Every structure is written in structure tokens, then in C-alpha cells.
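Notes to accompany the following structure.
The values are calculated or read from the model by the stated rules, or taken from the named source; none is laboratory data. Treat the numbers as computed from the prediction; the structure is a model and nothing was measured. Don't worry about glycine lacking a Cβ; one is built from the backbone with ideal geometry, like all the others, and counts go over all protein chains shown. In case anyone asks, the SASA skips ligands and DNA or RNA and just uses the protein heavy atoms, side chains included. Shrake-Rupley method; radii C 1.70, N 1.55, O 1.52, S 1.80 Å.
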Amino acid sequence: MPNFRKITEFKTPADFAAHLLNEKIDLDLVPEVPAGAAARLGQPIEHRGQTLGNRWAILPMEGWDCTPEGAPSELTRRRWLRFATSGAKLIYGTEAAAVSHAGRSNTRQLWIADHTVAAIGALVREMRQAHAERFGTADDLRIGLQLTHSGRFAHPNDDHRLESRTAYCHPLLDKKFGNGPANVVSDEELEQIIREFIHAAELAKQAGFDFVDLKQAHGYLGHEQLSAVERPGRFGGSFENRTRFFREIAAGIRERLPGFEISFRLSLFDMIPFEKGPDGVGRPMAWSGPYPYAFGGDGTGFGTDFTEPVAFIKMAQQEFGVDLVCTTIASPYYLPHAQRPAAYPVADGYLPPEDPLIGVARQVQAVAAVKKACPGIKFVSSGLTYLQEFLPNVGEYLLENDLTDFVGIGRMVLSYPELCADSLAGKELDRRRICRTFGDCTSAPRHGLVSGCYPLDAAYKQRPEAALLKAFKAKNQK
């Protein structure tokens, strides 16, 4: 395991900046974040005729606390209202919502359907009301819903079996997750899933969301379609065919819902999957020769080539008016150290093979490169939670240097949603609530427990699942 220093060792932004320079990590920050509109983070931005009040965004996460029928539970409501009162003005995607039962990643994932739309809509209205009560208005708040099909990672039924629907036979991921030719979706099944996405978008608009995010990330079905170079037929092979799944969904939404905003979260690049080595540290799975399965990759399995991601974004912009893109990379299922840099592994993961700050910098650089190539698109950054108390300083630097348009937070909002409002108010951050990337918000769902921040959120510390999670972790560490 690399010998890297923990973020808590740095007492000032100057200390942290010196470390980045000394380690030659291509990341920078401002020494002090101004308060309010004096900060870039606090400056409004125009988007589709609306003035959004600042540059903070809440990223969509996948919950494990809805009802078995896919409706929001009281725990879901608590999370969403914390998003709404965080101070962020862009709630990008709110949560990963399955478009069908078969597409659910777990039995408690949100499902946007005819039987859940009323409950979801009521919660969206409550979010706007809570935001207005806290900040005086919700006119500068924008809320979207992420639509997804979990594909390879679907576990829709109570026995928690993996019921994968894959875009193609992947030689490494099939080996890692036990998939095969029987798991590959047919063209006819893809056409049905396209119809489900379009209907889900209709329901999202009915529920009061301002836009939908069509998830093209993290190894889920939409993302896998983009790398289906060896799939035969109309949904594989050429760039035109590999983007057909997205294009037919977007075209159907545009036809049914003229003027309704379409966005997407995109893994800008992928790499060879990693696995736990004998020493517990992550290592790439064995592979020789060219690696054609990484969308945004350079063919080696480790480098990047943004030609196709840029072409995809520009196509979506020109054909469907997409002008907001939320960025990420790879997948938390087979590249967690790169996708969400952390000092501690999740229960079924591996020790980081590099300083997590390298992973943060890798994502920052990818967003900067794609943003430069795609004028007219607003970009939301992610992968920044590992920066911890220095997240606002780095976010301010990114905005000041036009390297992104919104600073997104995911895991951080589970433990410290008010970080956005506190930073804008010029308050000293509450170090006791800052996410330290312990990974329990992921380890718990991987063991069938409700999602949340067990180490730092008192509401989860007191739940009976906390003891179960502790036991699961102890068993995995043996």
C-alpha cells in the first residue's frame, strides 16, 4: 500500500498546497474562500432562463432505503430534505431512480413508476418548500432526477441474487461478476428499456422535476452500451450504433416532452478493472494486448483519449439541446479507488494502490480537458469529497480558473449537508462532521443495510444496523 499522508495531517491550506507541490500532484487551491457572492462558489449562474443562486451541486447517489415498492421512505425523505437545505442550488439528479423493477440495483432502490410518482412528487414539493423556508426563495433552485437501469449490477429481488443484464460479453467483467452470454440483452429488450426510460421521464416531469439525468456512467447499462464495440447489430460496433441507446431515449423524450431538459451523468473514461491482490491492495486484472472496452480510454487500459466522449457530448448538444453534463469516471464496482478516491476501502473492496489525491487530480484534469473541448456546455465536477476540509478551497480554484461550472458533492452531503451553506457564510467548517471516506455509506448497502453515514450521523449511529455493519466489517478484515 502506498505510504500517503492523510488529509487530517494538514492544518492549513498552505500546508496542503505545499504537500501537493512536493508530491507533484496536479491539483491547486486558493488560500482562503471568500464569503457569499465574493466567492466564485457563491456567484449565480444563468441556465435555461433561470438564475441558479450559486455553484454548489448535490450529486445523485444510489439509495437503499426506499420501500420495497420503490417509493420514498421516511429515511429517503430525511436525506432529500437535507439536500434541499444544504445551500446548494443545483440538486443534480437527486437520486438514482430505476426505470423498471428489473433495472433496480437493490430491492430498496427508488423506482419512478406509476405507483410511486405521487409520493415522489409530494417529496419534491416539500424540498422546494424547505429550501424556501431556509433561504427565502426556491426560485433559484433546480432539481433533477437521475434515471437508470443497473444492467450488470441489477439485484432487483428479495433473495439479492445478481440478475445482470449486460450490453455485451466483457472478458474481464464477466469473469469478475460471473456473467456470460445469457446475460446479454437482446435488441428487443433494449427497445423495451428505451420505452421505460421515456415513460420514466414523463413521470419525472409529472412529479415536478426540472430535468432528467440519463445515467451514462459507472458500468450501468447506458454506460456499457458506449463501449459495446464487439456487440453485433444496431446497438453495437460503430460509434453511431453504440450511442443509439441514448439517442433513441433522448429522441423519445424530446418528442413526448418538448422543452423538458435532458442531461446526463457521464463516465468520461474507463480503465481495466482492478481486484484485491494477495496483500489486500488493488491491482489491475491480468490482461495482455489492446484493451478496447474502455470508453474514453486510449486502448492501453490505463490512459485516456477523450475523442469519443467529446463527440458524444457534442452530439447530445446539437441533436437534443443538452447543455448540462455531470461528470464522473469508471465505476465504483470495479475501480473504486479511481472513481471515488478514499483512504479506506469499502467492505468488499481493496486498499488504495495510490495516494487518493492522485485520483482526485485525475478527475479534475479530465473535466478540464473535456470542458475546454465543449464550449456551451456547463459541467458538474465530482470525485472531490476526499479533499475534506480543503474541498471549498479547491472548488473555488476550479471555478476561478474555468475548469468546471459547478462543484458537486456526494458522500460529503450525507455527513455534512450544511457544508455548502457554511462555506458561503464564511463559517469555519465543522471538522467533526466532515466525511473522512470511511466507506460505510457503501459497505452498509453492500450488506443489505440502509444507506447512510454511520460514523458521523447520529441518526445512523443509533440504528440497529450500525452494530450489524460493524460485525460485517470485522469479518471482512480477518
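Side notes on the structure shown:
- Scope the range 371-386; condition within 24 Å of THR94 (Cα to Cα) and of a type in the set (A, V, I, L, M); matching residues: ILE377, VAL380, LEU384
- Against the conditions (1) surrounded by 15 or more Cβ atoms within 10 Å (Cβ to Cβ); (2) over 30 Å from GLY349 (Cβ atoms); (3) in contact with an Asp or Glu (Cβ under 9 Å, 6 or more places away or on another chain), ARG242 satisfies every one except (2).
- Residues of the range 362-373 that are surrounded by fewer than 21 Cβ atoms within 10 Å (Cβ to Cβ) and of a type outside the set (Lys, Arg): GLN365, ALA368, ALA369, ALA373.
- Residue check for ARG283: modelled with pLDDT of 95 or more, open to solvent by 10 Å² or more (accessible area, probe 1.4 Å) and closer than 26 Å to TRP111 by Cα: no
- Residue check for ARG231: assigned to a strand (DSSP E or B) and more than 24 Å from HIS101 (Cα to Cα): no
- The range 352-361, subset closer than 21 Å to LYS276 by Cβ and not small (Gly, Ala, Ser), residue most open to solvent (accessible area, probe 1.4 Å): ILE358
- Of the strands (runs of 3 or more DSSP E) that lie entirely inside the range 258-325, those containing 1 or more residues that are without any contact (Cβ under 8 Å) to a residue 40 or more places away in the chain span 282-284.
- Residue check for ARG161: of a type outside the set (Ser, Thr, Tyr), farther than 20 Å from PRO273 by Cα and without any contact (Cβ under 8 Å) to a residue 24 or more places away in the chain: yes
- Unique match (being within 29 Å of SER105 (Cα to Cα), of a type outside the set (Gly, Ala, Ser), touching a strand residue (DSSP E or B) at 6+ places or on another chain (Cβ under 7 Å) and open to solvent by 40 Å² or more (accessible area, probe 1.4 Å)) among PRO345, PRO292: PRO345
Residue-by-condition table, conditions (1) open to solvent by less than 10 Å² (accessible area, probe 1.4 Å); (2) at pLDDT below 95; (3) assigned to a helix (DSSP H, G or I):
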{"position": "TYR397", "(1), (2), (3)": "no, no, yes"}
{"position": "ASP402", "(1), (2), (3)": "no, no, no"}
{"position": "VAL407", "(1), (2), (3)": "yes, no, no"}
{"position": "VAL413", "(1), (2), (3)": "yes, no, yes"}
{"position": "ARG432", "(1), (2), (3)": "no, no, yes"}
{"position": "THR437", "(1), (2), (3)": "yes, no, no"}
{"position": "THR442", "(1), (2), (3)": "no, yes, yes"}
{"position": "CYS453", "(1), (2), (3)": "no, no, no"}
{"position": "LEU456", "(1), (2), (3)": "no, no, no"}
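- Among all residues of the range 383-395, there is none that is more than 18 Å from the chain's Cα centre (by Cα), surrounded by fewer than 18 Cβ atoms within 10 Å (Cβ to Cβ) and not aromatic (Phe, Trp, Tyr).
- Residue within the range 430-448 that is closer than 20 Å to PRO31 by Cβ and charged (D, E, K, R) present: yes
Residues checked against (1) touching a residue at least 24 places away in the same chain (Cβ under 8 Å); (2) open to solvent by 60 Å² or more (accessible area, probe 1.4 Å); (3) not basic (Lys, Arg):
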residue: ASN3; (1), (2), (3): no, yes, yes
residue: THR8; (1), (2), (3): yes, no, yes
residue: PHE16; (1), (2), (3): yes, no, yes
residue: PRO31; (1), (2), (3): yes, yes, yes
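- Taking (1) free of Cβ contacts under 8 Å to residues at least 12 places away in the same chain; (2) touching a helix residue (DSSP H, G or I) at 6+ places or on another chain (Cβ under 7 Å) in turn, SER331 satisfies each apart from (1).
- Against the numbered list (1) more than 18 Å from LEU226 (Cβ to Cβ); (2) open to solvent by less than 50 Å² (accessible area, probe 1.4 Å), HIS160 comes up short only at (2).
For every residue, the table says whether it meets (1) farther than 23 Å from ILE434 by Cα; (2) small (Gly, Ala, Ser); (3) open to solvent by 20 Å² or more (accessible area, probe 1.4 Å).
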| residue | (1), (2), (3) |
| --- | --- |
| ASP26 | yes, no, yes |
| ALA35 | no, yes, yes |
| GLY49 | yes, yes, yes |
| PRO68 | yes, no, yes |
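- Selected residue (only one of GLU389, GLU428 is outside any helix (DSSP H, G or I) and not hydrophobic (A, V, I, L, M, F, W, C)): GLU428
- Enumeration of residues in the range 106-157 that are touching a strand residue (DSSP E or B) at 6+ places or on another chain (Cβ under 7 Å) and either among the basic types (Lys, Arg) or surrounded by fewer than 17 Cβ atoms within 10 Å (Cβ to Cβ) (or both): ARG142, ARG152
- Exactly one residue among ARG161, ARG108, ARG104 is of a type outside the set (Ser, Thr, Tyr), in contact with a Cys (Cβ under 6 Å, 6 or more places away or on another chain) and outside any helix (DSSP H, G or I), and that residue is ARG108.
- Close Cβ contacts (under 9 Å, 6 or more residues apart or on different chains) running from residues in the range 461-477 that are part of a helix (DSSP H, G or I) to residues that are open to solvent by 70 Å² or more (accessible area, probe 1.4 Å) comprise PHE472/ARG446; ASN476/ASP348.
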